[in-house]
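What follows draws every value from the coordinates through simple rules; no lab data is involved. No experiment lies behind these values; they were computed from the predicted model shown. When we count neighbours, we look across all protein chains shown, and the Cβ atoms used for this are built from the backbone with ideal geometry, even at glycine.
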Amino acid sequence: DGAAASASTRQFLLEKESELRVEVGSEAPLRVRLAAGSAEVFGAELPPEKWMTVPPLQNVAIFTWRGATIVLDGTSEVEYVADETPMVSYVNVHAILDARRVSANSNSSQFWPTNYFIFQGPRTIVVGPADSGKTSLCRLLLNWACRRSWKPTFVDLDIGQGSISIPGCIAASSVETPMDSFGGIPTEMPVVYFYGHTSASANAELYKVLMKELAQTLERRFSCFSEYEAAGMVINTMGWVDGLGYELLLQAINLFNANVVLVLGQEKLFSMLRDVLKSKPHIDIVKLHKSGGVVHRDQNVHQNCRSYRIREYYHGIKNNLSPYSFSMNFGEINVYRIGDGPQAPPSALPIGAEPASDPTRVVVVNIMPDLIHAILAISFAKEPDQIMSSNIAGFLFVSEIDFDSKRITFLSPCPGELPSKLLISGSLKWSENPKF
Ligand code: ADP
Ligand code: MG
């Protein structure tokens, strides 16, 4: 129990409402097969009698409501069965959200609603410290909603990990097909904004501006498509819950008009939010237990997960894609950065002058050696001043810069012409490490 395993095939008999927890290291692969009964992985049903591969660095729970037999094959770091889980409380939340979707849906088909809010579906925001199971709870709620044929919108505000796009972005997408148990979240035409850093403190003003842009875009989409409006949102947040991080959470609740706040694993955050939200009775705030299965990941693991996520972008989840390499002349592209960067020290300024820095100014970036290994976003903007309000087409990796011939070499997931020559840089970097 609880030990690493790499022996031959092994079988687990799961009682009802229990789960098999498996932690896969970088020494994958590990394969899973449902031999009897029924089971789900963060809300996505396991297909019967089919070997499924768990990608490296994933920690998963294979949960059963009614009992199941699970077979594992391959290498893992930890595997054990747990019969104490918060799943019943989570599914109760799902049931309440579901009822609200039903009522929003039936109200929206009436002709002249007298109150807009009666056809607004649940907009759920999941908050809590790092490693409290936020992303996993979002997956559960999205999968359960999707299996009931709703099209919930997933909003990912966690720039540290990035489940919809890559790290450094905030993004949203409707989820319309149930997820693959061990794959990414299948998202349809995501709206992606590039923030460019993996920490919100790097440029909190920009983070706010982008949240606002995203919220407005979704509001427009919801007003055109009542099925999205009725299904509502599931909003994932970052684990920064004090100081400025807390302020940003309040902003998110506000900007996205969240009406359900789920607080995972922290009493203090719950009571702070409850006090602050007292004046807004239309917002329900619910405290939920963190699952004992949530795996703590240190800075190093977080960094590896980030790199792995970017690797997936170029090479595919199952390592089934090959990125394209091409080079361009410096003059063929325009690189920008958002924010003035480090402000001038007061001593460098004329006496009496305030250090001026504009965190949302769009600044031209010259191609310098520090761009090597940077991830650049390809903006759909036509002009630099539209950068902040424009969706992102994709990402380029700067693999080489030759200053003699003034050529820059990129890795791109797609062949052919770039959809735009307007690129955005931040502090996000990656290296094509053979493992990740
Ligand atoms: P957060 O988003 O709050 O940082 P996550 O949902 O990403 O937390 O969970 C942290 C890690 O724990 C992830 O690797 C996730 O897959 C894993 N995990 C979450 N719940 C379970 C569980 N019940 N059993 C095993 N692993 C879990
Ligand atoms: Mg998370």
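Overview of values
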{"item": "GNM top mover of VAL364, VAL276, VAL241 - the chain, alpha-carbon springs below 10 Å", "result": "VAL276"}
{"item": "Calculated [θ] (222 nm, deg cm²/dmol) that DSSP helices of n ≥ 4 give over the chain, each run adding -39,500 (n - 2.57)", "result": "-7500 deg cm²/dmol"}
{"item": "Residues with amide H under 5 Å from that of VAL365, placed H, sequence gap 5 or more", "result": "VAL335, TYR336, ARG337"}
{"item": "Selected from ALA39, ALA82, ALA200 as most flexible by GNM, with the chain as the system and alpha-carbon contacts under 10 Å", "result": "ALA82"}
{"item": "Kyte-Doolittle mean at least 0.0, axial Cα span of 24 Å or more - DSSP H helices of the chain", "result": "87-108"}
{"item": "Lys/Arg +1, Asp/Glu -1 at C-beta; the range 115-269 dipole; positive extreme among ILE170, ILE185, GLY121", "result": "GLY121"}
{"item": "Distance between modelled label sites at SER279 and TYR80, nm, 7 Å Cα→Cβ extension", "result": "4.7 nm"}
{"item": "DSSP-loop GluC sites (Glu not before Pro) across the range 17-87, with at most 16 other Cβ within 10 angstrom", "result": "GLU17, GLU27, GLU49, GLU84"}
{"item": "Gyration tensor (alpha-carbon) shape descriptor, the chain, a/c threshold 1.5", "result": "oblate"}
{"item": "Full-extension gain in nm, SER106 to PHE330, via 0.36 nm per residue minus C-alpha separation", "result": "75.0 nm"}
{"item": "Cα-based convex hull, the range 13-150, per residue volume (Å³, whole number)", "result": "122 Å³"}
{"item": "Built amide H within the under 5 Å cut-off of ALA36, gap 5+", "result": "THR69"}
{"item": "Rounded Å value of the spacing that divides the Cα centres of the range 307-342 and the range 211-246", "result": "26 Å"}
{"item": "DSSP beta bridge pairing in the range 135-247, given as percent antiparallel to the nearest 5", "result": "70 percent"}
{"item": "Whichever lysines have a C-alpha closer than 22 Å to that of LYS406, once near sequence neighbours (fewer than 8 apart) are set aside", "result": "LYS421, LYS429"}
